Number of protein chains: 2
Amino acid sequence: MRVEIWSDIACPWCYVGKARFDKALADFPHRDQVEVVHRSFELDPHRAKDDIQPVLTMLTEKYGMSEAQARAGEENLGQQAAAEGLAYRTRGRDHGNTFDMHRLLHLAKEHGRQSELLDALYRANFAEERSVFAEGHERLVELAVSAGLDADGAREVLADPDAYADEVRADEREAAQLGATGVPFFVLDRTYGVSGAQPAEVFTRALTQAWGERSPLTLLQGGDGDADACGPDGCAVPHS
Amino acid sequence: MRVEIWSDIACPWCYVGKARFDKALADFPHRDQVEVVHRSFELDPHRAKDDIQPVLTMLTEKYGMSEAQARAGEENLGQQAAAEGLAYRTRGRDHGNTFDMHRLLHLAKEHGRQSELLDALYRANFAEERSVFAEGHERLVELAVSAGLDADGAREVLADPDAYADEVRADEREAAQLGATGVPFFVLDRTYGVSGAQPAEVFTRALTQAWGERSPLTLLQGGDGDADACGPDGCAVPHS
């Protein structure tokens, strides 16, 4: 079974939702047969790379919240994160463009380190005092290394703005095709979708349901019903 | 849409079948949205690594064919290959253990070079005079490099017998679970299966059918129907 999770590093509910999903997955009896793929989604794709703002300023300017509303929202998110055992700085965080981080996550996917890098990026963005946006590529290289990637490989990808750019955009196109308007968005075997940081029980139910409904394959045959194949008893003789 | 193809490098029908499938895919209007994944299957998993035999000897000893039958089978396979524009040496080829090649194909997958490496391995095994089995790792490194992989990376994987071994075995387990007893075995979106090197028209039909039946997602909701998510208009406020 395959679970695809669309998310953004700048999305607090994605941070909380991943922890809730991971909890459900850890208790799922068939977890060894579940492949998890992280897909890219940018909440703020049109923001310039050098346009870095404090989160509270972004919330008041972009979404028209009052400062009190913005602060209350962050405090509430902090509580939800804490309930999942996650550290969350409710003040002093930055907001910025996450495209490079998504490109790096595609590199990490090729090395089987995607979940590790996503965790490192979330932690850096939501829990640590240093800004994940303000220090340029070397901060991201450091995080890539902490997730088990090679520093030079990460540096090369970051230096080339085209590297994995198509992969990021393909993920985003696919999210739109699947009807996702927000993140996190979970897709199980392209059959079931779960939108938002639902409680772990909802993910458990979705995993169980999708697992139970895995359908046996329908075999499609050629006109003569014969199969030119090789098996343990040798290869079929051509019937031309 | 995702197409998974189980195959073995030592399988002539897999060589022919890939060409037929590739032809159907090249003409498929939605080919840009089709992801192809090659999965491992060994026809002769218990053969020792140093047990290399001429194919004709293997056919007579392992499958009890007469030498005339074995020769006729190879001649016929050569004709089928030629019909797809593929070179095929009907005499003088070797047979051996392909586990290391499958491990290398999993490395190639991580670098987006799996189809290129599989083509290179097929060509080396079926069309070239040099044995792909007899020259040890350096021959495989050479082929990996021809497919766009890094020589040192390939050498490292080949030197460590555990590298990607679990991935090869997981593919083989999954083939058995899906009911594949021979290869090539094609699985479309885990819904349709095509067994054997069917004519390109069968693959066209399978692609068209699976594409047309891609189902919309069923959204599973939490108890309160609410979604803690972030979208273009900001993040939902926690409702704890």
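Rule-based calculations on the coordinates, nothing more; no lab input. A quick note: this is a predicted structure, and the numbers were derived from the prediction, not measured. So basically every Cβ, Gly included, is an ideal-geometry build from the backbone, and we count neighbours across all protein chains shown.
Below are the figures for this structure:
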{"item": "Positive-end extreme of charge dipole, segment B:2-235 - chosen from B:154, B:117, B:68 (charges on Cβ)", "result": "B:68"}
{"item": "Dipole magnitude of chain A, debye to nearest 20 (Cβ charges: Lys/Arg +1, Asp/Glu -1, about Cα centre)", "result": "880"}
{"item": "Reference-scaled alpha-carbon Rg (2.2 N^0.38 Å with N residues) for segment A:149-215", "result": "1.51"}
{"item": "Cα gyration tensor, chain A - rounded (a/c under 1.5), prolate or oblate", "result": "prolate"}
{"item": "Summed side-chain charge close to residue A:65 - residues other than residue A:65 whose Cβ falls under 14 Å, Lys, Arg +1, Asp, Glu -1", "result": "-3"}
{"item": "Rotationally averaged projected area of the protein assembly as shown (alpha carbon convex hull; nm²)", "result": "23.1"}
{"item": "The protein assembly as shown - charge dipole about Cα centre, Lys and Arg +1 at Cβ, Asp and Glu -1, debye rounded to 20", "result": "760"}
{"item": "Folded to 0 to 90 degrees: helix B:137-146 orientation relative to chain B principal axis, Cα", "result": "60"}
{"item": "Pairs of Lys in the protein assembly as shown closer than 20 Å at Cα, counting only those 8 or more apart or on different chains", "result": "5"}
{"item": "Rel. contact order, % - alpha carbon contacts under 8 angstrom, at least six apart, segment B:2-235", "result": "28"}
{"item": "Per-residue ³J(HN,Hα) for segment A:105-122, Karplus 6.51 cos²θ - 1.76 cosθ + 1.60, θ = phi - 60°, Hz, x for Gly and Pro", "result": "5, 6, 4, 4, 4, 5, 10, x, 10, 5, 5, 4, 5, 4, 4, 5, 5, 4"}
{"item": "Under-5 Å amide H pairs with residue A:2, H placed in peptide plane, nonlocal only", "result": "A:35, A:189"}
{"item": "Percent of beta bridges antiparallel (DSSP, segment B:2-235, rounded to nearest 5)", "result": "65"}
{"item": "Contour excess over end-to-end distance, with Cα ends at residue B:27 and residue B:163 and 0.36 nm allotted per residue", "result": "45.3 nm"}
{"item": "Nonlocal amide H pairs with residue B:218, under 5 Å, H built at 1.01 Å", "result": "A:192, A:193"}
{"item": "³J(HN,Hα), Karplus 6.51/-1.76/1.60, whole Hz, each residue of segment A:154-162, x for Gly, Pro", "result": "5, 4, 4, 5, 5, 6, 9, x, 8"}
{"item": "Ellipsoid semi-axes in whole angstrom, largest first, where each is sqrt(5λ) of the Cα gyration tensor of segment A:1-123", "result": "28, 19, 10"}
{"item": "Chain A residue with Cβ closest to the axis mapping A onto B, distance in whole Å", "result": "A:110, 2"}
{"item": "Pairwise centroid distance, computed over Cα atoms, of segment B:85-163 with segment A:72-91, Å", "result": "51"}
{"item": "Total charge dipole magnitude, segment B:102-162, about the Cα centre, Cβ charges on Lys, Arg, Asp, Glu only, Debye to nearest 20", "result": "200"}
{"item": "Part-to-part distance (alpha-carbon centres) for segment A:180-202 and segment A:1-64, which is given in Å", "result": "11"}
